[in-house]
Number of protein chains: 2
Amino acid sequence: MPRKPVEQADGERRSTIRDVAALAGVSVATVSRVLAGNYPIAPPTRARVLRAVKDLDYVVNVHARALAGVSQKTVAILTRDVTTPFYAHVIQGVEQQAAQDGRLCVVCTTGADPDRELAYVKMMREHGADAVIIVGGVVETLGYRKQLAQYAQALDSAGSKLVLCGRPGLGPDVPALVAHYDNEGGAYAATSHVLSAGHERVLFLGGVEGFTTSDPRVAGWRRALRDRGITPDKELLQQGSFGTHFGYERTRQLLKRGPLPATAIVASDDGCAAGAVRALREAGLGIPEDVSVVGYDDAPMAAHLWPPLTTVHIPAEELGRTAVRLALDSRAQLGRETILGTHVVVRDSVARRIDR
Amino acid sequence: MPRKPVEQADGERRSTIRDVAALAGVSVATVSRVLAGNYPIAPPTRARVLRAVKDLDYVVNVHARALAGVSQKTVAILTRDVTTPFYAHVIQGVEQQAAQDGRLCVVCTTGADPDRELAYVKMMREHGADAVIIVGGVVETLGYRKQLAQYAQALDSAGSKLVLCGRPGLGPDVPALVAHYDNEGGAYAATSHVLSAGHERVLFLGGVEGFTTSDPRVAGWRRALRDRGITPDKELLQQGSFGTHFGYERTRQLLKRGPLPATAIVASDDGCAAGAVRALREAGLGIPEDVSVVGYDDAPMAAHLWPPLTTVHIPAEELGRTAVRLALDSRAQLGRETILGTHVVVRDSVARRIDR
DNA sequence: CATGTTTCGGTAACCGTTTACTGCGCTGAT
DNA sequence: ATCAGCGCAGTAAACGGTTACCGAAACATG
């Protein structure tokens, strides 16, 4: 006599489909069918079942249901963190689209730690999630690409989809979906915007070399300059990191060395731009009278900076929604990239440069 | 002969514990025990099993595991949205603490819609989540309190915990945990801070009457004034909404009617403060020379405003972490409130008032 | 050598659903 | 009266694990 029924210590055992069946005087099959609503049931029977369900406050057990073959309906999103506005917006999009499709959204923060990422991918395989979405930039080493390819394989063979979101894909032989945005184009447009305002010395501030998010931005900046016949001097490319801290410190250093070698700054991100603005202002420079600044991301704070920051809008929420749609669309092509547009949102941090 | 084994159309069937057992030449019990690691297994046997697991790329099926009685390990967090910085930080805290305890974190956004909230609570019951955390302020009608009490009952009898986070509890007879912060105290401290700087006419801007988050703030402002023997005039309490839009518009209205009836503003939230700052500046007023402003929340943007905004810090991430700890701590008292401290973070938006 | 103790591993019931197949009672046609 | 057909509802296998209980072999002891 194996396995004696375990006594539920705290609280009464939650009621099962069998309890409902007993109370309603029908079989479990009937209860299941009433609840699923995909099978003809005589109205009086249906009513009795529904009544019993209500009386017992019955809810199905999703685990049992999943085990019996009804797929689980979960999407997972892995990001470095959730407080960075860009991630928060992507998560929001994912959650909303997932909810619309009746799915639960589990969020996993990795802190950019590959081990935690790996652990989460494994957990999601155990859960049989129908999609796992990995968001955000990284410096993509060969080892990491291999890692991703492995995830893709593993998830694919388990019937789950891997979606790479806000980062480039891995080529057609890796079974992953890709939802990306026009990163290079955004930087090109932003740079063109300040060039059109008459600036000629435009500095690119921030980002780290090799990073999947900043490299295309640098490329866009470079292309915009070249298109106007301007050579992107080495001293005009100031990389190192993202965020306010870097923007502030690097700008201060630059200022300490002498007058700024540029009349405008294109920043790798809004935080970086905010840091630069602060440093410039502390040095007595006016924005945008003396120096024009444009950011990237269109984080909510950008609009509240003083002056309100001209920046590049990334459709983050839409990106999240797209990722889920892609995962759930059986016609979606593995290996192809879906690319969303970006655009410059003009506010007050860029001024027309009259003289040269 | 009921139910013929369903043919897996796409991809090979994922391997089960039985496959592993067969390959390793042992019984399923042995495999399970090796994986659980809670039972003595002879090293050679263990090695064979592990080898088979690796070869087949086996992962357990959590649904089967859950069904067999091992609890599911999930916490859910319900918020209005995820992009509001306060919520994002709470979510972050929840996720981190949950991860530390080996739990998955599912986030559900309700858009402040009671129906969606209800639906999510039901879903989480189906999942057997070990905790559901509801975060954020509301105007708490009687009906809604009743609703919450029902959730609490339902979840409790299913063995899950309900945690109310960043909002007051429902009294000792409702089986819910409460993780809150010292809302009134924060407002009291903020108001005291500007009073100590010599201001006497201090306006409270923002919030909506009856809201669980703003009411205590108004109360704190009122108490601080009274403690200094100042009567909180009616015209000094300007409520209506939260956020930049309200802050901006209401301040403009006030300014249009004549000189501001105060030399300092305590805002219901940082967004509101930012809006007020903008309106004041547009009217030619200097911050803090002409008007001092303090916010509430300590959102990341507060530090980047110009001038950097003095505000009240809410330990949002810690709040999330506390909520999870409370839920998982069997000794936690239902009905008792755990209250985290708030404090004023002094930046540059409050100036000493010399003359009177 | 007989017997008591461990140590390790197998057997099979059970968790709560879903659903293929079967069967019962009626109705209406022949 | 007989029987095909239909509308409903029941039976029970299967999903993939966990674990209580049992038993065999290995070892220690008298």
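The values are calculated or read from the model by the stated rules, or taken from the named source; none is laboratory data. As the structure is a prediction and not an experimental result, all values here were calculated from the model. Here Cβ is always computed from backbone atoms with ideal geometry, including for glycine, and neighbour counts include all displayed protein chains. Just so you know, the surface numbers come from the protein's heavy atoms only, side chains and all, with ligands and any DNA or RNA stripped out. Shrake-Rupley method; radii C 1.70, N 1.55, O 1.52, S 1.80 Å.
How many residues are more than 14 Å from chain B (Cβ to nearest Cβ), within 9 Å of DNA strand D (Cβ to nearest atom) and either in a helix (DSSP H, G or I) or closer than 22 Å to B:GLY128 by Cα (or both) when one looks only at the stretch A:25-47?
8
What single numbered condition from (1) of a type outside the set (Asp, Glu); (2) part of a helix (DSSP H, G or I); (3) at pLDDT below 95 fails to hold for A:ARG353?
With respect to (1) of a type outside the set (Asp, Glu); (2) part of a helix (DSSP H, G or I); (3) at pLDDT below 95, A:ARG353 is out only on (2).
Residues being buried (at least 24 other Cβ atoms within 10 Å of the Cβ) and at pLDDT below 95: count how many of those fall in the stretch B:305-318.
Qualifying residue count, the stretch B:305-318: 1.
Among the candidates B:ASP113, B:ASP57, single out the residue that is more than 10 Å from chain A (Cβ to nearest Cβ) and either buried (at least 22 other Cβ atoms within 10 Å of the Cβ) or out of contact with any Phe, Trp or Tyr (no Cβ under 6 Å at 6 or more places or on another chain) (or both). Please lay out each step first, then the result.
Values: B:ASP57 fails: more than 10 Å from chain A (Cβ to nearest Cβ).
Every option except B:ASP113 fails the conditions.
Six or more apart or on different chains, Cβ atoms under 8 Å: show the pairs whose first residue is in the stretch A:45-63 and near DNA strand C (Cβ under 9 Å from one of its atoms) and whose second is in a helix (DSSP H, G or I) and among the acidic types (Asp, Glu).
Close Cβ pairs (under 8 Å, with a partner that is in a helix (DSSP H, G or I) and among the acidic types (Asp, Glu)) amount to A:TYR58/A:ASP19; A:VAL59/B:GLU126; A:VAL60/B:GLU126; A:ASN61/B:GLU126; A:VAL62/B:GLU126.
Which pairs turn up if I take residues in the stretch B:324-345 that are more than 26 Å from B:PRO300 (Cβ to Cβ) and look for partners that are β-branched (Val, Ile, Thr) and open to solvent by 70 Å² or more (accessible area, probe 1.4 Å) with beta carbon separation below 7 Å, at least 6 apart in sequence or on another chain?
Correct list of pairs: empty, since none qualify.
Being more than 7 Å from chain B (Cβ to nearest Cβ) and in contact (Cβ under 8 Å) with a residue 12 or more places away in the chain is the filter; apply it to the stretch A:97-107 and report the residue that is surrounded by the fewest Cβ atoms within 10 Å (Cβ to Cβ). Walk me through how you get there before you give the answer.
So the first thing to find is which residues in the stretch A:97-107 are more than 7 Å from chain B (Cβ to nearest Cβ), and the list is A:97-103.
Adding the requirement that they be in contact (Cβ under 8 Å) with a residue 12 or more places away in the chain leaves A:97-98, A:101-103.
Details: A:GLN97: 22, A:ALA98: 31, A:ASP101: 14, A:GLY102: 9, A:ARG103: 21.
Here the answer is A:GLY102.
Going by the conditions given, is A:ARG125 free of Cβ contacts under 8 Å to residues at least 12 places away in the same chain and either away from every other protein chain (no Cβ under 11 Å) or of a type outside the set (A, V, I, L, M) (or both)? Steps first, please.
Numbers: free of Cβ contacts under 8 Å to residues at least 12 places away in the same chain: no; either away from every other protein chain (no Cβ under 11 Å) or of a type outside the set (A, V, I, L, M) (or both): yes.
In short, no.
Considering only the stretch B:273-294, how many residues are open to solvent by less than 40 Å² (accessible area, probe 1.4 Å), in contact (Cβ under 8 Å) with a residue 40 or more places away in the chain and not in a helix (DSSP H, G or I)?
5
Take the stretch A:280-301 and flag every residue that is among the acidic types (Asp, Glu) and over 29 Å from the mean Cα position of the chain (by Cα). Full working, then the answer.
The initial filter retains those residues of the stretch A:280-301 that are among the acidic types (Asp, Glu), namely A:282, A:289-290, A:297-298.
A:GLU282, A:GLU289, A:ASP290, listed by residue number.
Select, from B:VAL20, B:VAL82, the only residue that is more than 15 Å from DNA strand D (Cβ to nearest atom), among the β-branched types (Val, Ile, Thr) and modelled with pLDDT of 95 or more. It would help to see each step written out before you state the result.
Details: B:VAL20 fails: more than 15 Å from DNA strand D (Cβ to nearest atom).
Criteria check complete, one pass: B:VAL82.
Residue by residue, here is whether (1) over 23 Å from B:THR109 (Cβ atoms); (2) assigned to a helix (DSSP H, G or I) holds:
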{"position": "B:ILE134", "(1), (2)": "no, no"}
{"position": "B:GLY143", "(1), (2)": "no, yes"}
{"position": "B:GLN153", "(1), (2)": "yes, yes"}
{"position": "B:GLY159", "(1), (2)": "yes, no"}
{"position": "B:THR191", "(1), (2)": "yes, yes"}
{"position": "B:GLY240", "(1), (2)": "yes, no"}
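Out of the residues in the stretch A:65-95 that are charged (D, E, K, R) and under 23 Å from B:TYR120 (Cα atoms), which is most open to solvent (accessible area, probe 1.4 Å)? Show your work before the answer.
Step one: list which residues in the stretch A:65-95 are charged (D, E, K, R), which gives A:65, A:73, A:80-81, A:95.
Right, trim to under 23 Å from B:TYR120 (Cα atoms) and you get A:65, A:73, A:95.
On the way: A:ARG65: 106, A:LYS73: 79, A:GLU95: 2 Å².
Per the criteria, the residue is A:ARG65.
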